[in-house]
Amino acid sequence: MPVIEIVAENEDETDIDQEAVYRDIDEKHSKSMSGRSELHDSWHTSHSFYDGKHYTSFNSGVPRILKAPSYRVRITHNLILPLINTVVAKMTQQKPGWLVRPMSPENDRVQRAKATEKLLWYLYQRCKVAQTVHSAVWWAAVVGTGYIHRSWDEREGLPRLWTPDPFSVHVSEGAHDLRDAHWTLLAHYLTEEDIGGMWGKASATEVVATASRSGQDSESIYRRDITGKETQGDLHKVYEYEERPSADHPEGRRIICCGGLVLEHDVLPGGQYSLSMVRINEMPGRFWGTGVIRDVIPLQREVNRTLSHAIELRNMAASPVWVHPAGSVPKNAIVNRPDAKVPYNPNLGPPPIRLDPIQIPSSLYELIDTQKSAIMDVSGVHEVSQGRGPAGVISGRAIGLLSDQDSVKFLPWVRSLEDCLTELGRGMIDDYKRYADEERTITILGTSRIPEVVRFHREMVDGEVDIIPSSMLPKSPSQERADAIQMLQIGALGPIQDPMTLIRFREIAGTSGMEKFWDDDTDDRLYARRENDMITDPGMHSHIRVGWYENHIVHVDEHLKRMKEPQFQDMDPATQEFQEQHVAEHYRQLQMQGSGLPTWVQAFGQDPQGAVQPQAGAPQPPGGPPPGGGPPPGAPPELPPEQGMMGGGTPELNGAIGPQGPGVPENELLEGVM
């Protein structure tokens with residue numbers, strides 16, 4: 001086989017012996033396959049049980065269907081299907097709690113880490129991470145181990161994610177995890193068109209020609225899919241081999257070959273494998289997980305057998321066995337029909353009769369219930385896991401506690417999934433930083449379902465991707481909302497009159513299960529953020545005013561967030577003072593709303609004491625305050641001290657209303673009224 005020039009970053013590896021490289025990788029694949037025959041049979045069996053094929057066994061990957069007489073009942077009561085669907089749904093219910101930690105406390109790196117986190121969520125949406133994670137978790141639940149493969153799509157300029165089946169993944173001998181594996185190997189099959197799309201049409205043509213010269217033409221290549229069926233066609237086995245950095249290869253190796261031809265030879269990008277792994281029911285010192293199905297299969301077979309026996313007994317009770325002397329009844333004369341007439345020869349004995357039907361013992365049904373309960377105990381999936389309340393439990397609080405206890409069983413599995421997604425997130429960000437060469441406008445759905453648009457370049461990528469521990473544990477939205485309401489009622493979130501208490505309550509309660517929250521504040525938050533941007537320009541201050549129609553709670557929340565950011569400290573003192581006065585006016589308007597006046601009264605300029613405020617352009621009373629006392633023209637109305645509100649903020653904000661600042665009325669605070 002010829003030696004051709006391969007483009008590589010390491011000059012010592014520009015010329016390689018393709019035949020030797022391919023032979024070495026093929027030998028590793030053959031050795032790994034020979035030691036996994038029984039493991040593959042177990043995986044095939046688990047997959048067939050999920051698929052409802054409970055009477056199929058496998059020997060070296062070849063399916064064998066057990067034959068049975070026509071009168072034998074073989075019922076399939078597939079309890080494994082809902083079990084696996086429940087496990088997958090529970091583990092993928094929550095989004096990953098990704099966060100990007102800045103590498104240093106400098107403000108520039110902190111802002112770049114925030115931008116990188118936005119990029120990570122953009123990739124989550126564009127690369128369909130949720131669907132890929134669902135497939136990987138499904139494989140982990142069925143056979144014990146699932147994988148996510150990551151590569152770079154030059155055409156899209158984004159990472160490409162897909163889920164290889166565990167039959168195609170091989171690791172070095174003695175590895176307990178991907179972290180300590182010396183090498184990984186992905187052996188899968190591609191068509192000539194797929195090879196041409198990834199590595200060029202010339203490479204695909206050379207693959208076909210090389211395979212023909214070596215006797216490995218496409219017509220002789222076949223494989224068995226996960227159901228054991230042999231599929232034959234124009235398929236070519238492609239090896240994707242990755243090796244950790246070592247003394248021989250300090251930067252690691254990544255080799256892709258097919259049919260004896262090396263398609264790609266390079267260093268291992270970032271020293272990180274392109275595979276991420278999730279395991280369910282993992283055992284210490286063992287690479288492969290066991291999954292949920294393996295230990296349930298014997299119990300599932302007993303359920304099928306018991307149900308089959310019960311149905312056979314029912315058939316015998318409906319059609320009891322006929323008994324007659326030999327030769328007294330002609331052949332095929334007995335039929336199971338209500339109007340049937342059975343001829344017989346009385347000279348050869350008495351007429352034919354039916355035996356008494358066999359009663360179905362009640363203990364048979366009790367046995368089935370016991371077997372179903374055993375399946376739930378072994379799998380760890382119970383009625384609460386499937387969204388059904390246990391018999392006799394009607395209290396919502398009790399069901400919530402049972403749901404919390406049930407979620408704890410998923411903790412080891414969720415921890416493995418979170419490790420997998422941490423590696424996946426780091427790999428996607430690293431690939432974007434290495435390969436993305438164009439600036440991109442990204443759009444993500446931020447807090448409160450607000451779209452955010454960011455211009456992003458790979459030079460802005462900075463920070464370390466991590467995940468919040470236990471962020472993907474299954475949660476009950478209804479239970480969380482009930483807990484939030486209880487916390488609000490007992491004052492755990494703060495005084496119920498405090499405007500910020502509503503903000504805290506909504507953040508905890510969330511909007512799960514609702515298309516639009518009844519007092520959704522998306523428009524007001526966008527409006528407040530536009531005001532924040534306008535305030536930074538002194539020339540726009542004359543265009544900014546507080547309207548009675550605004551949601552003042554939301555505006556105060558957004559403005560206070562801006563005032564606590566580093567950019568606020570960089571503003572000139574006049575702009576900072578304008579921002580503080582603007583927030584103080586929101587507090588004043590908020591207090592007017594809290595006094596019980598209808599909206600139209602505020603629109604016509606009346607204060608809480610009933611005095612009419614002069615409208616813009618209206619004639620002012622000559623000299624001093626209006627008759628009957630009150631504030632001078634242009635000043636906010638004076639409010640009695642007992643209606644002052646208490647809360648946090650700067651001294652200017654606290655003094656904008658009264659000595660106690662914004663919050664609950666002072667008289668209620670003294671009396672202890674919540």
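The values are calculated or read from the model by the stated rules, or taken from the named source; none is laboratory data. Small disclaimer: the values here were computed from a predicted structure and weren't measured. Using ideal geometry, Cβ is built from the backbone for each residue, glycine included, and neighbour counts are taken over all protein chains shown. Just so you know, the surface numbers come from the protein's heavy atoms only, side chains and all, with ligands and any DNA or RNA stripped out. Shrake-Rupley method; radii C 1.70, N 1.55, O 1.52, S 1.80 Å.
Run through region 119-191 and list the trypsin sites (Lys or Arg not before Pro) located in a DSSP loop whose Cβ has at most 15 other Cβ atoms within 10 Å.
Loop-located and lightly packed - 128, 155.
In region 290-430, with Lys and Arg counted as +1 and Asp and Glu as -1 at Cβ, which of these residues, 313, 414, 380, has the Cα nearest the positive end of the dipole, that is, farthest along it?
Farthest towards the positive pole: 313.
Using +1 at the C-beta of Lys and Arg and -1 at the C-beta of Asp and Glu, which of 87, 107, 146 has the Cα lying farthest in the positive direction of the dipole of region 79-182?
107
How much accessible surface area, in Å² rounded to 10, belongs to the heavy atoms of residue 305 with a 1.4 Å probe?
In the full protein context, residue 305 sits at about 110 Å².
Quick one: which residues, 5 or more positions from residue 268 or on another chain, have an amide H under 5 Å from its amide H? H modelled 1.01 Å from N in the peptide plane, none for Pro or chain starts.
Long-range HN contacts for residue 268: 252, 253, 254.
In what sequence, largest accessible area first, do 335, 133 appear using a 1.4 Å probe?
I get 335, 133, largest accessible area first.
Taking amide H positions as placed 1.01 Å from N in the peptide plane, with prolines and chain starts having none, which residues 5 or more places from residue 238, or on another chain, fall under 5 Å of its amide H?
188, 189, 190
Would you check the accessible area of residue 161, probe 1.4 Å, heavy atoms only, in square angstrom rounded to 10?
Residue 161 has an accessible surface of roughly 30 Å² with all protein chains in place.
How would 415, 434 rank on accessible area, largest to smallest, probe 1.4 Å?
Working: 415 120, 434 90 Å².
Largest accessible area first, the list is 415, 434.
Which order do 91, 571 take by accessible area at a 1.4 Å probe, largest first?
Heavy-atom accessible area, descending, gives 571, 91.
Quick one: accessible surface of residue 578, probe radius 1.4 Å, all protein chains present, in square angstrom to the nearest 10.
50 Å²
Compute, for region 267-365, the length of the dipole vector about the Cα centre, with Cβ point charges of +1 (Lys, Arg) and -1 (Asp, Glu) only. Units Debye, rounded to 20. Could you put the intermediate results ahead of the total?
Working: 10 positive and 6 negative charges, 37 e Å.
Once rounded to the nearest 20, the dipole reads 180 debye.
Among the lysines, select those whose C-alpha is under 18 Å from the C-alpha of residue 475, and discard any that sit fewer than 8 residues away in the same chain.
Counting by Cα, and skipping residues close in sequence, residue 475 has these lysines nearby: 90, 95, 409.
What length, rounded to one decimal in nm, is gained on full extension from residue 454 through to residue 335, with 0.36 nm per residue of separation minus their alpha-carbon distance? All intermediate terms of the calculation are to be shown ahead of the outcome.
On the way: separation 119, 0.36 × 119 = 42.84 nm, distance 7.98 nm.
Contour length minus Cα-Cα distance gives 34.9 nm.
Treating cross-link reach as a plain straight distance, find the lysines whose alpha-carbon is under 17 Å from the alpha-carbon of residue 67, omitting any fewer than eight places away in the same chain.
Straight-line reach from residue 67, under 17 Å: 53.
For region 270-427, which whole-number percentage of the solvent-accessible area (1.4 Å probe, protein heavy atoms only) is attributable to carbon and sulfur atoms?
Here carbon and sulfur together make up 57 percent of the probe-accessible area.
In debye, nearest 20, what is the charge dipole magnitude of region 542-595 about its Cα centre with +1 on Lys and Arg Cβ and -1 on Asp and Glu Cβ, if you could check?
Roughly 180 debye for region 542-595.
Skipping prolines and chain starts, which residues have an amide H placed within reach, meaning under 5 Å, of the one on residue 162, given they are 5 or more residues away or on another chain?
149
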